[in-house]
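The next block holds one structure in the form of structure tokens; read it before the comments.
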Amino acid sequence: MSPDPYNWIESSLATIHKANWYRSVQTIQGRPSATVLLAGEEVINFASNDYLGLAGDERLSQAAITAVQQWGTGSTGSRLLSGHREIHRELETAIASWKQTEDTLLFSSGYLANLGAIAAVVGKRDLILSDQYNHSSLKNGAILSGADFKEYPHCDITALKTQLVQHRHNYRRCLIITDSVFSMDGDLCPLPELLDIAEQFNSMLLVDEAHSTAVLGKTGAGCLEHFNCTGRNLIQIGTLSKALGSLGGYVAGSATLIDYLRNRAPTWIYTTALSPPDTAAALAAITIVQQEPQRLAQLWRNVDYLKHLLSAKLPHLKILPTASAIICIQLPSAAVALRVGQQLKSKGIFAPAIRPPTVPTSRIRISLMASHELEHIEKLVSVLSKVIENI
């Protein structure tokens, strides 16, 4: 009998278990909320990217239902084939207006937006310089593009400039890629400096706004608004699945860029268009964000309150630098992070352990939502105080 070509999988899984890297899903019951049922037990949800609490909003549900009644459940094909609907263009126009860009292109996910945009604008004769802590979608997009791919140390402008001085002249095009909010740390990219250095070295800049869209900036338009850089020339990527409570992704930029991507981005050309209900829900969410600025204000009050309590009650806790709605507590090992996460959950707090290879050092990741009440935040800190004492 010939050997089994799949017998390596079991031993590989055993290695993952031994390193405390094993992952499994946890079933959430009911609608998204600040409190959810997890394995039948109610917990306060600090694991969600639903920053404004919109994923469970009845108005998004009604918008999706209306879209299903008008257009059905699926788009049936790519936008260039049979999938284009009026509501797709309506959402693209709304995003472009909000972010003050000339145009926008919708994708079926933020991951696909990154893969498609990067593959379209650079290739084998080009260079990509990527922040070391970038999201997987950015890194995989860079690898799949065929361009030479180099990382620079996290948010290190001096190191980035050194690489540009050394390498830029050897390539046709150069693309600098970065998250705006680093999702497993909570800190921000140095966007004004990145824009300046991109212009200095005749390089393109692509910024992934996944965790800053509807979170940063006076109107929630993102990192560019936060840094007063609106109108600068770059490629903006974003998602509809986090603070906007829906599904999908987008690229925002110049009209020329968007027209080019319609003809060259493989993950847009060859993928079924975003479904009408998802599109309608995202459009409803943008309207709510613009009409109800108190949601964004409440989110930031919650962030400030948690930071205040942690500083006052747990001053020795190692909190990673953050300027977002993400707060991470660094821990010494994956095993410790798993134990802390499990103990938090047993006491009614859902804040998951994040471990290698996702991050270089293990941590507990806390996401704040506008829908969290002060009592939720106070309980989090109280439980943390007891759990941390025992590690």
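The set of residues from the range 9-39 being open to solvent by 50 Å² or more (accessible area, probe 1.4 Å) and more than 28 Å from the chain's Cα centre (by Cα) comprises I9, E10, S11, A14, T15, K18. Annotation: of all residues in the range 211-235 being of a type in the set (S, T, Y) and either open to solvent by 10 Å² or more (accessible area, probe 1.4 Å) or over 13 Å from the mean Cα position of the chain (by Cα) (or both), the one that is farthest from S33 (Cα to Cα) is T230. Give the residues of the range 1-30 that are of a type in the set (S, T, N, Q) and not in a helix (DSSP H, G or I), sorted by residue number. Across the range 1-30, the qualifying residues are S2, N7, N20, S24, Q26, T27, Q29.
For the range 101-125, a residue qualifies if it is over 16 Å from R264 (Cα atoms) and free of Cβ contacts under 8 Å to residues at least 60 places away in the same chain, and exactly one does: R125. Only residues that are buried (at least 20 other Cβ atoms within 10 Å of the Cβ) and not β-branched (V, I, T): list them for the range 321-333, please. Hits for the range 321-333 are S324, A325, C328, L331. Taking the residues in the range 62-75 that are over 27 Å from the mean Cα position of the chain (by Cα) and polar (S, T, N, Q) as candidates, determine which candidate is least open to solvent (accessible area, probe 1.4 Å). Checking each candidate, the answer is T66. Where residues in the range 260-281 are in contact (Cβ under 8 Å) with a residue 40 or more places away in the chain and polar (S, T, N, Q), which of them is least open to solvent (accessible area, probe 1.4 Å)? The residue in question is T279. Screening the range 81-95 for residues that are of a type in the set (G, A, S) and open to solvent by 10 Å² or more (accessible area, probe 1.4 Å) and picking the one that is nearest to L105 (Cα to Cα) gives A94. For the range 282-297, the criterion of a residue being open to solvent by less than 10 Å² (accessible area, probe 1.4 Å), closer than 15 Å to S109 by Cβ and in contact with a helix residue (DSSP H, G or I) (Cβ under 7 Å, 6 or more places away or on another chain) is satisfied by at least one position. Among residues that are surrounded by fewer than 18 Cβ atoms within 10 Å (Cβ to Cβ) and among the hydroxyl-bearing types (S, T, Y), S78 is included.
Listed by position, the helices (runs of 4 or more DSSP H) contained in the range 151-230 that have at least 3 residues being over 30 Å from R363 (Cα atoms) are 157-167, 191-200. Find all pairs meeting these conditions: Cβ atoms under 6 angstrom apart; at least six residues apart or on different chains; first residue within the range 59-77 and modelled with pLDDT of 95 or more; second residue of a type in the set (S, T, Y) and open to solvent by less than 30 Å² (accessible area, probe 1.4 Å). Close Cβ pairs (under 6 Å, with a partner that is of a type in the set (S, T, Y) and open to solvent by less than 30 Å² (accessible area, probe 1.4 Å)) amount to G74/S275; S75/S275. Of the residues in the range 201-214, at least one is within 30 Å of L296 (Cα to Cα) and of a type in the set (S, T, Y).
Of everything in the range 244-259, what is open to solvent by less than 10 Å² (accessible area, probe 1.4 Å), among the aliphatic types (A, V, I, L, M) and either in contact with a helix residue (DSSP H, G or I) (Cβ under 8 Å, 6 or more places away or on another chain) or on the phi > 0 side of the Ramachandran plot (or both)? Give them in sequence order. Within the range 244-259, L244, V251, A252 meet the criteria. The C-beta contact set for the range 370-391 (first residue farther than 24 Å from L338 by Cβ, second residue of a type in the set (D, E, K, R), distance under 7 angstrom, 6+ apart or interchain) comprises A370/R295.
The values are calculated or read from the model by the stated rules, or taken from the named source; none is laboratory data. From a predicted model like this one, the values you see are computed outputs, not experimental measurements. All Cβ positions, glycine included, derive from the backbone under ideal geometry; neighbour counts span all protein chains shown. The protein model used for the area step is the full one, side chains on, heavy atoms only, and it has no ligands, DNA or RNA in it. Shrake-Rupley method; radii C 1.70, N 1.55, O 1.52, S 1.80 Å.
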